[in-house]
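Working notes, structure below.
The values are calculated or read from the model by the stated rules, or taken from the named source; none is laboratory data. Quick caveat, the model's predicted, so the values are computed rather than measured. Don't worry about glycine lacking a Cβ; one is built from the backbone with ideal geometry, like all the others, and counts go over all protein chains shown. Ligands, DNA and RNA are stripped out before the accessible areas are found, and what is left, the full protein with its side chains, is counted by its heavy atoms. Shrake-Rupley method; radii C 1.70, N 1.55, O 1.52, S 1.80 Å.
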Amino acid sequence: ICFFAFATALQVPDATRLAGSGRGDSDNRDDLVVWNPNTNTVSTVLNTSTGTTVGPTITDVTGKPRAATFGNDAFVDLVWIEGSGGTADLKGASATGSLTGGFTSESINRDIATFGYTALGPIGDFNLDGNVDLIVLRESINGLRDWMALWGTPSGSFDSLESRALPIALLSDVAGTLITGQCDAGSRLDLLRHDGTNARLLRNVNGPTITSFTGPGARVIPGENLNLTVT
């Protein structure tokens, strides 16, 4: 994002925090997405040919969002945590792609089963399937906490029937902070977790592959056993 080419300072709304960047309008320039914690609003700072301008806002974004292109379209999306405790869920909205930028007002596109999400972590394509994934801190029913990987889908959703959650690190006290990067010679994104005392490397490695899968050769009759074999 080359805002430094302009003579004037970059203008953003007061008290905002950077949520991310991506295409908010219909030109080919990346724009900024900012969140105001005082008003719970999200705005796009549009990168135009003559400078920057603040686009439309959406309201009721009660937690700091992550902004990235989660789906397979060209426009930036939002995801944030709404609620607290065991009822906290993932919510989101998508950029309209209009000439004026902005997000679909009050449009919720991620609100599936409750898992008690407490914090958003890094984003990236961790399983190399071409979709952007999300790392979240989750609190389970018994009070344990763990960092989870929620696989992204072409539709831009998380935690749906076509995606899976994978526990990364189980925590009982300090949640810590996660950052991502390629820390070894592999092609996968790794994670660094700092818990206030130590920094630990969580390597992202290739998992097992399925070489063969066999099921029953005849119809499955209710009341009989269903046997599946995976190698």
Going through (1) touching a strand residue (DSSP E or B) at 6+ places or on another chain (Cβ under 8 Å); (2) open to solvent by 90 Å² or more (accessible area, probe 1.4 Å) one by one, Pro208 fails only at (1)
Taking the stretch 126-138 and keeping residues of a type outside the set (S, T, N, Q) and either open to solvent by less than 40 Å² (accessible area, probe 1.4 Å) or more than 20 Å from Leu192 (Cα to Cα) (or both) leaves Phe126, Asp129, Gly130, Val132, Asp133, Leu134, Ile135, Val136, Leu137
Counting only residues in the stretch 25-43 that are polar (S, T, N, Q) and out of contact with any Leu (no Cβ under 7 Å at 6 or more places or on another chain), the one nearest to Ile81 (Cα to Cα) is identified as Asn40
Taking the stretch 1-26 and keeping residues loosely packed, with under 15 Cβ neighbours inside 10 Å and modelled with pLDDT of 85 or more leaves Arg17, Leu18
Flagged in the stretch 75-92 as hydrophobic (A, V, I, L, M, F, W, C) and either at pLDDT below 85 or farther than 20 Å from Thr57 by Cα (or both), in numbering order, are Ala88, Leu90
Among strands (runs of 3 or more DSSP E) completely within the stretch 145-217, the ones holding 1 or more residues that are modelled with pLDDT under 85 are 145-150, 165-171
> Is it true that Asp146 is open to solvent by 40 Å² or more (accessible area, probe 1.4 Å) and within 30 Å of Gly83 (Cβ to Cβ)?
Replying inline: no
Cβ pairs under 7 Å, 6+ apart or interchain, first in the stretch 114-133 and over 15 Å from Leu202 (Cα atoms) and touching a residue at least 12 places away in the same chain (Cβ under 8 Å), second among the basic types (Lys, Arg) and part of a loop (DSSP other than H, G, I, E, B), ordered by first then second residue, are Leu128/Arg188
